[in-house]
Amino acid sequence: MTGSSAPSADDRAVKRARLLAILDERDAESLVLSSHGALAWYLDGARTHTSLMGDPVLEVRVDRDGDLVSAFSNEAARLLAEELPSGIEVSTAPWFGALGDGVAASAGAGAGTAGSGSGAAGPRSLVESDIAAELRAARASLLPAELSRYRALCIDAAEVMTDALAAASPGQSERALAASVGAGLLERGADPLVLMVSGSARAGYRHPLPGDEPVGSRAMVVACARRHGMIANITRWVSFGAPAASSGSGDRAEAERRILEVEAAFFDATTAGATLASAFEAGCAAYGQAGFAADEWLNHHQGGAAGYNGRDPRATSRVPDLIQLNQAFAWNPSAPGAKIEDTVLLGPSGIESLTVDPRWPTVQHAGRARPAELRL
């Protein structure tokens, strides 16, 4: 279920209007988009990379007369044929140069507004670092076409998790289980940006890069998958056989129940018009209320807004961004032996889980179906 990758003229018109409003507010003539998240958003899902570790191979100058893409000369033909919306103007920069060279040359020959690369803008041109919060706000509320693509990606990510974990075994290595998830995502056209696995021997790590150890009696698997520029975030647990009475299974079940209470506090505080900081603080306060140590939240980040970055942004008590309707989130509260994470949408009826596969077991908590541990 890959979703339509075709750019939407309607979505793009709204996005351009949002950026022109920022120019008006800042009394600026143009702005340069240069990050993967901003570019993929504005170009309606274009792949902006060649290496997953590399910088974008293009940038966009947005001004009142139109948009201009600057791409490296060795990438421009492919980008025009396969990635970019039709009708957009493209200039090239040599592969050994700077992307801004193409923008600047075109601007010099055109309207006269000083163009820029990521590092130096003209006197009335903005770069992303000038307007980071405004850009996050501009892309927060998802539009119809991009939301359709995001729903499809999130469902695919959940289905891949089900397929891989349902076929897992205690003797399988963490790397092999991660490879199974990664292969499933790649087969569905998604880039596995993050793959983490902890077997029973490494259960204490909350960011467990997979190793050679066998999965053992229980495993946590985390994936962040990107397609059309958007990123789905998901965590799932699998265990094998009935837990022995001496294994602390009762304590584990209690921890799973209590982490759902913390997650529910994050969800309940994620309301349109509230700040990301207030939602973060409400969720963090719930640790003590749920019977965990009051400072348990210090041991791992708690997630935040989602979409075109893994977290857009990661929530802290210092992030004043206003929460918007149709904005995506991925909260991930955790405690020893317990972690939960889904990509969700704040819709008209409240929180809606997007990373859903009906085959995965669920429990009801606070009126919501939440993923349970898969027991094989």
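Tell me whether region 352-370 contains one or more residues that are buried (at least 22 other Cβ atoms within 10 Å of the Cβ) and part of a strand (DSSP E or B).
Just the residues of region 352-370 that are buried (at least 22 other Cβ atoms within 10 Å of the Cβ), to begin with: 354-355.
Among the residues that remain, those that are also part of a strand (DSSP E or B) are: none.
Scanning region 352-370, I find no residue that is buried (at least 22 other Cβ atoms within 10 Å of the Cβ) and part of a strand (DSSP E or B), so the answer is no.
Taking into account only those residues within region 177-215 that are within 22 Å of Gly307 (Cβ to Cβ) and in a loop (DSSP other than H, G, I, E, B), which is modelled with the lowest pLDDT? Once the filter is applied, the top-ranked residue is His207.
Among the residues of region 307-326, are any on the phi > 0 side of the Ramachandran plot and of a type outside the set (Phe, Trp, Tyr)? For region 307-326, residues on the phi > 0 side of the Ramachandran plot and of a type outside the set (Phe, Trp, Tyr): present. Among Arg16, Arg64, which is over 21 Å from the mean Cα position of the chain (by Cα), over 25 Å from Arg149 (Cα atoms), among the basic types (Lys, Arg) and not assigned by TED's automatic domain parsing to the domain that holds Val160? Only one candidate qualifies: Arg64.
Scanning region 139-161 turns up no residue that is in contact with a Pro (Cβ under 6 Å, 6 or more places away or on another chain), among the acidic types (Asp, Glu), at pLDDT 95 or above and not assigned by TED's automatic domain parsing to the domain that holds Val32.
Only one residue in Arg226, Arg218, Arg257, Arg252 is at pLDDT 95 or above and in contact with a Gly (Cβ under 8 Å, 6 or more places away or on another chain), so which one is that?
Working: Arg226 fails: in contact with a Gly (Cβ under 8 Å, 6 or more places away or on another chain); Arg257 fails: in contact with a Gly (Cβ under 8 Å, 6 or more places away or on another chain); Arg252 fails: at pLDDT 95 or above.
The match here is Arg218.
Within region 187-212, being in contact with a strand residue (DSSP E or B) (Cβ under 7 Å, 6 or more places away or on another chain), surrounded by fewer than 21 Cβ atoms within 10 Å (Cβ to Cβ) and more than 16 Å from Pro336 (Cα to Cα) holds for Gly189, Asp191, Pro192, Leu193, Val194, Met196, Leu209, Asp212.
Within the set Ala294, Ala277, the sole residue that is more than 19 Å from the chain's Cα centre (by Cα) and at pLDDT 95 or above turns out to be Ala294.
Mind telling me which of the residues Cys224, Cys284 ends up being hydrophobic (A, V, I, L, M, F, W, C) and under 23 Å from Thr362 (Cα atoms)? Spell out the reasoning first.
On the way: Cys284 fails: under 23 Å from Thr362 (Cα atoms).
Among Cys224, Cys284, only Cys224 is hydrophobic (A, V, I, L, M, F, W, C) and under 23 Å from Thr362 (Cα atoms).
Which residue is surrounded by the most Cβ atoms within 10 Å (Cβ to Cβ), if the candidates are limited to region 278-299 and must be of a type in the set (Gly, Ala, Ser) and assigned to a helix (DSSP H, G or I)? It would help to see each step written out before you state the result.
Of the residues in region 278-299, the ones of a type in the set (Gly, Ala, Ser) are 278-279, 282-283, 285-286, 288, 290-291, 293-294.
Going one step further and asking which of them are assigned to a helix (DSSP H, G or I), we end up with 278-279, 282-283, 285-286, 288.
Details: Ser278: 17, Ala279: 26, Ala282: 17, Gly283: 24, Ala285: 15, Ala286: 24, Gly288: 14.
Result: Ala279.
Taking first residues from region 267-287 that are on the phi > 0 side of the Ramachandran plot and assigned by TED's automatic domain parsing to the domain that holds Arg311 and partners that are surrounded by fewer than 24 Cβ atoms within 10 Å (Cβ to Cβ) and not in a helix (DSSP H, G or I), the Cβ contacts under 7 Å between residues at least 6 apart in sequence or on separate chains come to Gly273/Leu322; Gly273/Ile323.
For (1) touching a residue at least 12 places away in the same chain (Cβ under 8 Å); (2) touching a Cys at 6+ places or on another chain (Cβ under 9 Å); (3) within 21 Å of Thr48 (Cβ to Cβ), each residue gets a yes or a no:
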position: Val181; (1), (2), (3): yes, no, no
position: Val194; (1), (2), (3): yes, yes, yes
position: Ser198; (1), (2), (3): yes, no, no
position: Arg202; (1), (2), (3): yes, no, no
position: Tyr205; (1), (2), (3): no, no, no
position: Pro208; (1), (2), (3): yes, no, no
position: Pro214; (1), (2), (3): yes, no, no
position: Met220; (1), (2), (3): yes, no, no
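Return yes when Val103 is at pLDDT below 95 and touching a strand residue (DSSP E or B) at 6+ places or on another chain (Cβ under 8 Å) and no when it is not.
On the way: at pLDDT below 95: yes; touching a strand residue (DSSP E or B) at 6+ places or on another chain (Cβ under 8 Å): yes.
Criteria met by Val103.
Taken over region 163-179, the criterion of being touching a strand residue (DSSP E or B) at 6+ places or on another chain (Cβ under 8 Å) and touching a residue at least 40 places away in the same chain (Cβ under 8 Å) is satisfied by Ala164, Leu165, Ala166, Ala168, Pro170, Gly171, Gln172, Ser173, Glu174, Leu177, Ala178.
With the condition being in contact with a Leu (Cβ under 9 Å, 6 or more places away or on another chain) and among the β-branched types (Val, Ile, Thr), I'd like the strands (runs of 3 or more DSSP E) fully within region 300-348 carrying at least 1 qualifying residues. Outline the logic, then answer.
Values: elements: 303-305, 327-331, 344-347.
Where strands (runs of 3 or more DSSP E) fall fully within region 300-348 and carry at least 1 residues being in contact with a Leu (Cβ under 9 Å, 6 or more places away or on another chain) and among the β-branched types (Val, Ile, Thr), they are 344-347.
Could you check region 107-133 and list, in sequence order, the residues that are crowded, with 18+ Cβ neighbours inside 10 Å and modelled with pLDDT of 55 or more? Correct list: Ser125, Leu126, Val127, Glu128, Ile131.
The values are calculated or read from the model by the stated rules, or taken from the named source; none is laboratory data. Only a predicted model underlies this, so the values are computations on that prediction, with no experimental measurement involved. Cβ: placed from backbone, ideal geometry, glycine included. Neighbour counts: every protein chain shown.
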